[in-house]
Every structure is written in C-alpha cells, then in structure tokens.
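Read through the structure below, which is laid out as structure tokens, and then see the notes.
The values are calculated or read from the model by the stated rules, or taken from the named source; none is laboratory data. A quick note: this is a predicted structure, and the numbers were derived from the prediction, not measured. Positions of Cβ are backbone-derived with ideal geometry, glycine not excepted, and every protein chain shown enters the neighbour counts.
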Amino acid sequence: MKAAVIRVKDIPAEGQDSAVDIPLTKGRTSMEGRLRGTVNLVVMAEEVVATVHATVEAASTCSRCLEEFENGFEIDTVLVCVPMTELEAEVEGKQLSGDELDLYFYEDGLLDITRMMEEQVILNIPMQTMCSSGCRGLCPSCGTNLNIGPCTCVKQPEDERFHVLRDFRVNKSKGA
Ligand SMILES: [Zn+2]
Ligand SMILES: [Zn+2]
C-alpha cells in the first residue's frame, strides 16, 4: 500500500510493510527528486519501530561547472517513533538520550510517513557539491564548460610590466 499518514492503531500486530513514493521539493527538503522504498512498521507498546529502506533519486547543481548531476543516495535506517506526550515526560525526567537511536515524534496517534521521510532526506543529504572531484569548471573568460572540451580563449601570460604600463596609461588619461 502507498503510505501517507498511518494510524498507529491500524498497524497489525505482525507489523506492516508500506511502499513509499514521495516527490521531493526544494521547499521542503532543499533538494528536488524522488524517494522510493519501503517502511516496515512494528508496534511496541506506545512506540513504533520503523525500518526504512529507500533510494533517493536527486539532482544537484555543480558549484563549479553549474551543470546538473545525479546526486542520489540510499537511506537505510531504523527509527523509533515516539508519541509526543511521552517525549515531554521523558524530557522532564531527563531520561532522553537520542544519541543511540533515531527518534521520530508523532502526534495524535498518527504517523506522517511523508514528513518522517522528508526529515530523513534532510538528515542524509550528501555534502557533495561538485559533479566530480576533478571537475574543471567554467572558463572565467568565455564561460565554456571545460569538462566538455577546451575553449578557444588564448591564455595570456601574466606579465606584471604590462599591468604597470596599462595602469600608468589609465591614470595619465584620468589626470589629463
Ligand atoms: Zn562540475
Ligand atoms: Zn574561455
């Protein structure tokens, strides 16, 4: 079944597998793409253990050559879904240690699978901002993508004397 919002009471005792297929938007997850996978839900008293296997297909813009590149990733994680009221109680008792477990908090007995997945996407977005570590970027003069091929710009050798002469001329014409 396609998951969106699941009532915890409706999850059968033997657990439940839900297919997820969620479009990702820049506004909600800071990247565009699609998440597909499965979420297995098992109820344990008040808590729900969610085992997530998902693939994110997404594109990013290379910070160097400005081309879009495939920047997908996998999400394999186990989340413990805790009711909001229980969280408040535990925080008061200072028993909460979220370090060893990934927690997701649900309200009103409803698991919002879409929101849960979006949170996981945000937590797992790869830091990679370039299409490859060897990206040659764009020519600063003509803007040609140097990964595709060299541009026709003739490389001017840096000549300090030329710069001095040019600056001198500019200053002289200003003064005149
Ligand atoms: Zn690039
Ligand atoms: Zn060029």
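Points worth noting:
- Residue in region 35-47 that is away from ligand 2 (no atom under 16 Å from the Cβ), assigned to a loop (DSSP other than H, G, I, E, B) and under 20 Å from residue 132 (Cβ atoms) present: no
- Applying a threshold of 8 Å to beta carbon distances and a minimum spacing of six or more residues, or different chains, the list of pairs starting in region 123-147 at a residue that is closer than 23 Å to residue 31 by Cβ and ending at one that is away from ligand 1 (no atom under 13 Å from the Cβ) and of a type outside the set (Val, Ile, Thr) reads 124/73; 125/30; 125/31; 125/73; 126/73.
- Taking the listed residues 91, 78, 82, the one that is outside any strand (DSSP E or B), in the same structural domain as residue 20 (by TED's automatic domain parsing) and either modelled with pLDDT of 75 or more or not charged (D, E, K, R) (or both) is 91, with no other qualifying.
- Residue match in region 51-61 (condition: within 16 Å of ligand 1 (Cβ to nearest atom) and exposed (fewer than 15 other Cβ atoms within 10 Å of the Cβ)): yes
- Screening region 102-152 for residues that are among the charged types (D, E, K, R) and not in a strand (DSSP E or B) and picking the one that is nearest to ligand 1 (Cβ to nearest atom) gives 136.
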